[in-house]
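Since the structure comes first, as structure tokens, the remarks are kept for the end.
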Amino acid sequence: MSEGTAVQTTEPAADGAAQGEEQRPQSTFQTVSGIIFRVVFMWMVMSWLRGGNKTNTGDNKTVATFASQNLFKTGDVLDMWVFVNEEEHFTDFTNMNTLYWHKTDLTYGAWYDGPNQDGTFTSNTTIVLSEKVQKNGSLFMHVYFTQEGFVPNKKLEGSYSEQYTFEAHKQLNKYKKRTIKKTQNLLTGKTETDPTLLKRAETHGNTEIISHWHPNITINLVADQTNWAKGSVPHPLDKLVKFDDEHKTYEPIIHLNDYWNLIRDFQPINETVKEVNFHITYQPISLFKLQMYASQSMQNQWFNVLGEDYNEESEQDKDSLKEAMVETNPYLLGLTVIVSIVHSIFEFLAFKNDIQFWKSRKTLEGLSVRSVVFGVFQSVIVLLYILDNDTNFVIRVSVFIGCLIDAWKITKVMSVKFDMEDKLFGFLPKLKFTDKSTYVQSDTKKYDQLAFKYLGMLLFPLLAAYAVYSLIYEEHKGVYSFILGMLYGFLLTFGFIMMTPQLFINYKLKSVAHLPWRMLTYKALNTFIDDIFAFVIKMPTMYRIGCFRDDIVFFIYLYQRYIYRVDPKRVNEFGTTGEDHEQVSSGEASNSTAAIANGDAQSDKKND
């Protein structure tokens, strides 16, 4: 590896330094997936409330069955055993070094036991890591509950009871991918990266899987006496409830809970980490809370199907939600949930009305065609940027579809034809773009060109200054990445002002009737909702200020709509004016009068 190489990692920082990074706004897919999760969760709750006393035998015949009872009653005394070792299937009960917590006299279903009278007990200990674990090995936790006086060791026949022993297992460490990108300052060829990371990148390649540790885990024992019938337990609880062979009883559910472990608190495990802290909490849990956690686990399974990259990004988004739930006022949080659903609906309606507007548009008078063309250029830059930065497949597909939609708009604002005479390489026909007559014959084209002329006088110096800044102070993989990163950063910062040419055209035409007001209204409402999220979710101050830039443009649109009142000469979105309607109405009235007069004349002639 050359001297001027930087390493950028995607692993979470243990010291919380990653908090200062600019937070990405939610994508449409993430918002829609959130709505789908709520629908599935409500369906699961309703299925549980309906219950049932029938089960499927597997031969398409449904037969009645009896309900099973919980193996333990409220008030029964249990013993808990917590073992930690490197084996996925635990058998070495005689090795006391693996026993990290043995808690006796636990009352099943007691919500007010413990030192804080909240039903919780805690244990703090330290785990010494072996060389195997330091080199990306795994650690597993094995939890056993037994009736008072019994042990989980099967070899002790007199003290072991298979019926009154139930267990749960979980891998404690998590593997996260670290992507190493080779970057350097294109002018000096130097980098500010730690030399030790550079050496590690040389030996481990560009992508490395690293084990991470979080010190906290909670053992939740479900305190519930619901009578379940095998085959009628709603999903996903059907995978958690374990029945005996005769289906008379079922074991209490053990949920090893790490939901509240934030990504920023994970620390990487390597050769320098000799031991780690381990904080265990025992706490009873209700069936309703278990369903919520089980639904989250089901959502994680969906995201795993979409790929590891998307799953990591979804975890970051969920961490932001967890922080908002913990640190935000409950009333404000409830309002945020409702508003987020409304935001999704408005986003869909804005998309639908935007397509309908351009599909039914008959004239381009009053519309900025160059803004549409520039929108295609902007979409292409975003697509090339995410392809260059190893973004996950789902985001690539969503951006590609958005780029195709913007390209389709080109066919609505310009005449696109294949030039069969002037061919590329002698056999490929060229695409020929020409302005439509409704755009050329109106004053809109002149005003559109004038607006982009003024806009170019402002933007090109800013673009040059931003390019110089990026070249001097930032690191890049190469010239191609520098150009894409510079254009993407510039468009991200100043992309909002591409709405201003339409404002200039409205001012010159003294009209706003040609605009897709339904779509703009939905987008404006979404922008105001984004302002609410800017105050609720943690993000840098500059990003919060950026959330208000679109508001200024929308308020100008509203002001123009107010000052440009009804004008009979104004062209609406269907390409007609008020005068056209008056002519049609007067023409229909004249035809009616003529028909009546003609009918009277024929009647007089008949009488004669």
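What whole-number value in Å² describes the accessible area per residue of region 366-513 for a 1.4 Å probe? Working shown, then result.
Details: 8260 Å² over 148 residues.
With the other protein chains kept in place, region 366-513 gives 56 Å² per residue.
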Worksheet item: Quick one: if you stick a label point 7 Å off each Cα along the C-beta vector at THR126 and VAL397, how many nm between them?
Response: 4.9
Worksheet item: Which lysines does LYS417 reach when only Cα atoms under 28 Å apart count, and residues fewer than 8 places away in its own chain are ignored?
Response: LYS352, LYS359, LYS362, LYS409, LYS430, LYS432, LYS436, LYS445, LYS446, LYS453
Practice prompt. With the Cα gyration tensor of region 324-439 in hand, give its eigenvalues times 5 under a square root as the equivalent ellipsoid semi-axes, listed largest first in whole angstrom.
Written response: 39, 21, 10
Worksheet item: Of all accessible surface on region 128-276 at a 1.4 Å probe, what whole percent is carbon and sulfur?
Response: 47
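Quick one: net charge of LYS103's neighbours, Cβ under 13 Å, K/R +1, D/E -1?
-4
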Discussion item. Give me the extension gain from LEU321 to LYS430: residue separation times 0.36 nm, minus the current Cα-Cα distance, reported in nm with one decimal.
Written reply: 34.2 nm
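Starting from the Cα-Cα distance between ASP443 and ILE483, subtract it from 0.36 nm times their residue separation and give me the gain in nm to one decimal.
Values: separation 40, 0.36 × 40 = 14.40 nm, distance 3.58 nm.
Here the answer is 10.8 nm.
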Fill in: Three-way shape call for region 389-518 based on the alpha-carbon gyration tensor, with the a/c threshold at 1.5
oblate
Item to complete: Count the net charge of all other residues whose Cβ sits under 10 Å from the Cβ of TYR144, scoring Lys and Arg as +1 and Asp and Glu as -1.
Response: -2
Item to complete: Restrict the search to region 96-155; then list the chymotrypsin sites (Phe, Trp or Tyr not before Pro) that DSSP places in a loop and that have at most 12 other Cβ atoms within 10 Å of their Cβ.
Response: TYR112
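Just flag the GluC sites (Glu not before Pro) in region 154-257 sitting in loop per DSSP whose Cβ has no more than 16 other Cβ atoms within 10 Å.
GLU157, GLU162, GLU192, GLU246
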Discussion item. Which order do the peptides 354-364, 410-420, 175-185 come out in when sorted by mean C-beta neighbours inside 10 angstrom, highest first?
Written reply: 175-185, 354-364, 410-420
Worksheet entry | Net charge over other residues, Cβ less than 13 angstrom from the Cβ of TRP408 (K, R count +1; D, E count -1) | +2
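May I ask you to derive the FRET efficiency for ASP118 and LEU332 from their Cβ-Cβ distance with R0 = 25 Å, giving the value to the nearest 0.05? Kindly include the intermediate steps, with their values, before the conclusion.
On the way: r = 26 Å, r/R0 = 1.04.
It comes to 0.45.
Provide the gained length on full extension for the span ILE552 to LYS453, in nm with one decimal, where the gain is 0.36 nm per separating residue minus the Cα-Cα distance. It would help to have the intermediate numbers written out before the result.
Working: separation 99, 0.36 × 99 = 35.64 nm, distance 2.17 nm.
Working it through step by step, the gained length comes to 33.5 nm.
The values are calculated or read from the model by the stated rules, or taken from the named source; none is laboratory data. For clarity, every value in this text was computed on a predicted model and none was experimentally measured. Please note: Cβ atoms are built from the backbone with ideal geometry, for glycine as well, and neighbour counts cover all protein chains shown. Note: areas computed on protein heavy atoms with side chains; ligands, DNA, RNA excluded. Shrake-Rupley method; radii C 1.70, N 1.55, O 1.52, S 1.80 Å.
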